[in-house]
1. Quick one: compute the contact order of segment 1-156, relative version, from alpha carbon pairs under 8 angstrom and 6+ residues apart, as a percent.
2. Working from Cα positions, state the angle (0 to 90°, nearest 10) between the long axis of helix 26-41 and the longest principal axis of the chain.
3. For the Cα atoms of the chain, what angle does the longest principal axis make with the long axis of helix 127-140, in degrees from 0 to 90, nearest 10?
4. Please list, or write none, the aspartates and glutamates whose alpha carbon is within less than 13 Å of the alpha carbon of K30, excluding same-chain residues fewer than 8 places away.
5. List the longest stretch of the chain that has no exposed loop site; here a site is one of the trypsin sites (Lys or Arg not before Pro) assigned by DSSP to anything other than H, G, I, E or B, with at most 12 other Cβ within 10 Å.
6. Near K7, which aspartates and glutamates are there with a Cα under 15 Å away, not counting those fewer than 8 places off in the same chain?
7. What distance in nm separates the simple spin-label points at I3 and K30, each placed 7 Å from Cα in the Cβ direction?
8. I'd like the projected area of segment 12-168, averaged over all directions, using the convex hull of its alpha carbons. Report it in nm² with one decimal.
Amino acid sequence: MAIREIKKYPEKILRTKTEPVNEFNSELQKLVDDMIETMYAAPGVGLAANQVGILKQVAVIDVGSSEGKSSLIVLINPEIINEEGENNSEEGCLSIPDYTTIVKRAERVKVKGLDRDGKPIEIDADGLLAKALQHELDHLNGLLLIDRIGRIKKEFFKKRYAREHAASKE
Ligand code: NI
């Protein structure tokens, strides 16, 4: 296993839609293992393959890791098949360091996909897991949390980023 470099905003691959996985080969298993290690090392509660530069529909999530109890989920080719309610809560992203903001999400989601061996799985989630699932599925579709916060907040984010980026070059 190896820790891979996490791509950061504004790298274009974060805005690129990932492709479905068709082969559950050793290359995929290595990617999954590396993503798990990279997520835990960050540390984070989720990671999508394009965040490590791979355009495949692969995500890893462990919302228990922040509390010391593992609940690892590996999701291949996931899609949301049902969503209910509304939840507004604070979110951050490993690809946008030092930034958190309130994001509007569904309160409950049902997601279907495949596990790392290609077996179908279905997940019914609320709370933090529902939020993480929506966040990682957004990544796989080329969306970041700043695409979910409205135009004005997004402009604020961009201005702040430009200012901090300029400052770090001085
Ligand atoms: Ni993220």
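1. Details: 314 pairs, mean separation 38.1, N = 156.
With pairs under 8 Å counted, the relative contact order is 24 percent.
2. Taking the Cα atoms of the chain, the angle to 26-41 is about 50 degrees.
3. 80 degrees
4. Once the sequence-local aspartates and glutamates are set aside, what remains near K30 is D117.
5. On the way: sites that count: K17, K69.
Longest site-free region, per DSSP loop and neighbour criteria: 70-170.
6. D34, D98, E136
7. Here the modelled spin labels are 2.0 nm apart.
8. On the way: hull surface 38.1 nm².
Averaged projected area of segment 12-168's Cα convex hull equals 9.5 nm².
The values are calculated or read from the model by the stated rules, or taken from the named source; none is laboratory data. Source: prediction; values computed, not measured. We place every Cβ from the backbone using ideal geometry, glycine too, and count neighbours over all the protein chains shown. SASA here: full protein model, heavy atoms, side chains in, ligands and nucleic acids out. Shrake-Rupley method; radii C 1.70, N 1.55, O 1.52, S 1.80 Å.
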